[in-house]
Amino acid sequence: MFVLEQIIQALEAGDLQALQSLIDRFLIDAEPAKQYEMAEMLMQFGYLQEADRILENLQFIFPEEAQIKIDRATVLMELTKEDEALNLLLEVKETDAEYPQALVVLADYYQMQGLFEVAEKHIELALEILPHEPLLQFAKAELLFETGRFTESVRLYEELYENKIDIPNASIPVRLAEVYRAGAAYEDALHFYMLALEDEVTPDLLFGSAYAAFQIEKYETAIQQLEDLTELDPDYFSAYLLLAQSYLMLEDHKRALITMEQGIARDEYDKSFYLFAGKMALKLGDSEKAKKYLQEAIALDPEYMEATLVLTSVYRQEDDFEAIIDLYESLHKEAIDFSALLPFVAEAYDQEEQFEKASEAYNLAYDEFKEDEQFLEKYCYFLIEDGQQDKAKTVAQQLVALDPTNEDWQLLFERFE
């Protein structure tokens with residue numbers, strides 16, 4: 001008993017050297033039943049190597065004991081020693097009472113290997129032996145969930161829930177919430193998230209419930225859940241963006257921006273936070289703050305196209321053509337080419353009287369934007385000013401083809417005739 005107490009103290013202290021020495025003594029002195037209990041405790045604490053030592057010793061003492069083979073195989077799988085685990089599981093005989101359990105662990109093995117059909121066959125075989133065993137029904141539901149067969153998995157989870165089955169270390173309401181959410185049945189998902197939260201409040205459950213509420217436009221509920229979440233765990237970073245989006249849907253742009261700034265204070269390396277904060281600042285009419293956040297987003301990721309496009313559009317609204325050119329040329333130096341920027345860049349070069357570069361940018365943009373009426377109109381007038389009459393006529397003809405009812409474009413084309 002004294003050695004057992006010392007082992008527990010070593011576990012709590014995380015003293016691996018003392019633990020190894022004590023286990024050596026324990027294996028000599030302790031009865032097999034106590035050894036088995038110790039192996040279970042070591043597994044719970046996460047000391048899998050040490051648990052395997054004890055199970056290996058028990059397997060030597062009881063070479064035909066199926067339960068020890070199954071337990072050790074489970075540990076070996078956690079230790080990524082799958083081949084050894086498989087050999088042990090295959091030693092379990094069909095006549096052993098533990099055979100269905102071995103089939104489930106085999107299913108786990110094949111599931112880890114990505115062989116889902118083989119895994120399902122093993123679970124089905126176990127169910128043929130024990131057709132009403134809840135743990136087997138749960139194992140099948142888990143497999144179906146993982147493989148995206150949500151309707152089938154829901155049916156099994158619902159049956160377990162209705163029968164008030166308690167599964168160790170698992171919550172059926174949580175599973176139902178997750179599978180309904182994965183299948184985009186957000187109303188049902190929210191219902192089961194709320195049930196699960198009655199038993200236990202965790203950050204993941206609060207976020208899941210908020211996400212489901214957001215999807216069915218229950219923004220006030222989403223906000224309440226997310227505010228509870230950020231209070232419970234201020235470093236649950238994804239909560240801030242969803243909370244800000246919820247405020248945005250209620251057109252509370254000021255609160256959305258404040259929320260996003262709180263998120264940035266917690267995680268200064270998430271580029272999406274800066275982009276969203278920039279957009280909210282724009283909605284509040286604060287273009288200077290918007291530009292600051294957008295520039296920080298691009299500094300984090302120079303290839304962040306959405307932030308670059310938003311910032312470019314801000315510069316365009318302010319007629320800051322020099323800033324557009326500076327941004328484009330800095331990206332170009334890094335071999336980052338966003339064709340979506342070219343119409344802005346072409347116009348900026350034109351306005352800054354850098355006509356050769358404007359011509360190059362317009363020509364580069366033409367293939368991608370030849371269905372864009374606004375671009376073609378600017379391009380046409382640029383070509384006229386640049387003396388490229390034949391090209392201008394072709395572009396004017398395209399404008400008329402795109403909208404024959406536009407009298408201005410018709411007159412423009414007739415000028416060439």
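The values are calculated or read from the model by the stated rules, or taken from the named source; none is laboratory data. Keep in mind that what you see is a predicted model, and the values were worked out from it rather than measured. Here the Cβ is made from the backbone with ideal geometry for all residues, glycine too, and neighbour counts use every protein chain on show. The area values use the complete protein model at the heavy-atom level, side chains included, leaving out ligands, DNA and RNA. Shrake-Rupley method; radii C 1.70, N 1.55, O 1.52, S 1.80 Å.
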- Note on the structure: Going through (1) out of contact with any Gly (no Cβ under 8 Å at 6 or more places or on another chain); (2) surrounded by 18 or more Cβ atoms within 10 Å (Cβ to Cβ); (3) under 16 Å from ASP204 (Cβ atoms) one by one, GLU178 fails only at (1)
- Taking the range 143-176 and keeping residues more than 28 Å from TYR109 (Cβ to Cβ) and under 22 Å from the mean Cα position of the chain (by Cα) leaves PRO173
- In the range 245-302, which helices (runs of 4 or more DSSP H) lie fully inside it and hold 2 or more residues that are of a type in the set (Ser, Thr, Tyr)? 271-283, 287-300
- Query: Only one of (1) among the small types (Gly, Ala, Ser); (2) open to solvent by less than 20 Å² (accessible area, probe 1.4 Å); (3) within 22 Å of the chain's Cα centre (by Cα) is not met by ALA265, so which one is it?
  - Reply: (2)
- Note on the structure: Exactly one of GLU142, GLU162 is charged (D, E, K, R), modelled with pLDDT under 95 and surrounded by 16 or more Cβ atoms within 10 Å (Cβ to Cβ), and that one is GLU142
- Identify, by number, the condition in (1) more than 33 Å from the chain's Cα centre (by Cα); (2) at pLDDT 85 or above; (3) not aromatic (Phe, Trp, Tyr) that GLN20 doesn't meet. (2)
- Residue list for the range 174-232, filter: at negative phi, outside any helix (DSSP H, G or I) and of a type in the set (D, E, K, R): GLU200, LYS218
- Meets criteria (surrounded by fewer than 18 Cβ atoms within 10 Å (Cβ to Cβ) and either over 26 Å from ALA177 (Cα atoms) or small (Gly, Ala, Ser) (or both)) for LYS283: yes
- Message: Here are the criteria: (1) surrounded by fewer than 16 Cβ atoms within 10 Å (Cβ to Cβ); (2) among the β-branched types (Val, Ile, Thr); (3) in a loop (DSSP other than H, G, I, E, B). Tell me which single one THR151 does not satisfy.
- Response: (3)
- If the Cβ limit is 9 Å and pairs must be 6+ apart or interchain, which residue in the range 181-210 that is aromatic (Phe, Trp, Tyr) pairs with which residue that is in a loop (DSSP other than H, G, I, E, B)? TYR186/ILE216; PHE207/TYR236
- Task: Show the residue pairs that are 6+ apart or on different chains and have beta-carbon atoms under 8 Å apart, the first residue being within the range 230-252 and among the acidic types (Asp, Glu), the second being surrounded by fewer than 19 Cβ atoms within 10 Å (Cβ to Cβ).
- Result: ASP233/PRO203; ASP235/ARG266; ASP235/ASP267
- Message: Any residue at all in the range 64-75 that's among the charged types (D, E, K, R), in a helix (DSSP H, G or I) and open to solvent by 20 Å² or more (accessible area, probe 1.4 Å)?
- Response: yes
- Note on the structure: Over the range 349-364, the set of residues surrounded by fewer than 13 Cβ atoms within 10 Å (Cβ to Cβ) and assigned to a helix (DSSP H, G or I) is GLU356
- Query: In the range 112-171, what count of residues is obtained for those that are among the small types (Gly, Ala, Ser) and within 15 Å of GLY183 (Cα to Cα)?
  - Reply: 3
- Message: Looking at the range 203-212, can you tell me whether even one residue there is modelled with pLDDT of 95 or more, open to solvent by 60 Å² or more (accessible area, probe 1.4 Å) and under 17 Å from TYR193 (Cα atoms)?
- Response: yes
- Confirm whether GLN44 is open to solvent by 90 Å² or more (accessible area, probe 1.4 Å) and under 38 Å from the mean Cα position of the chain (by Cα). yes
- Message: So ASP233 ticks every box in (1) farther than 21 Å from ILE264 by Cβ; (2) surrounded by fewer than 17 Cβ atoms within 10 Å (Cβ to Cβ) but one. Which box is left unticked?
- Response: (1)
- Which number in (1) open to solvent by less than 70 Å² (accessible area, probe 1.4 Å); (2) touching a residue at least 24 places away in the same chain (Cβ under 8 Å); (3) not in a helix (DSSP H, G or I) marks the one condition that ALA119 misses? (3)
- Message: For the range 114-123, check the following and say yes or no: at least one residue is at pLDDT below 85 and either in contact with a strand residue (DSSP E or B) (Cβ under 8 Å, 6 or more places away or on another chain) or farther than 21 Å from PRO168 by Cα (or both).
- Response: yes
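Residues checked against (1) open to solvent by 70 Å² or more (accessible area, probe 1.4 Å); (2) assigned to a helix (DSSP H, G or I); (3) over 25 Å from ALA297 (Cα atoms); (4) touching a Phe, Trp or Tyr at 6+ places or on another chain (Cβ under 9 Å):
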| position | (1), (2), (3), (4) |
| --- | --- |
| GLU329 | no, yes, no, no |
| ILE336 | no, no, no, no |
| GLU347 | no, yes, no, yes |
| TYR366 | no, yes, yes, yes |
| CYS380 | no, yes, yes, yes |
| PRO404 | yes, no, yes, no |
| ASP408 | yes, yes, yes, no |
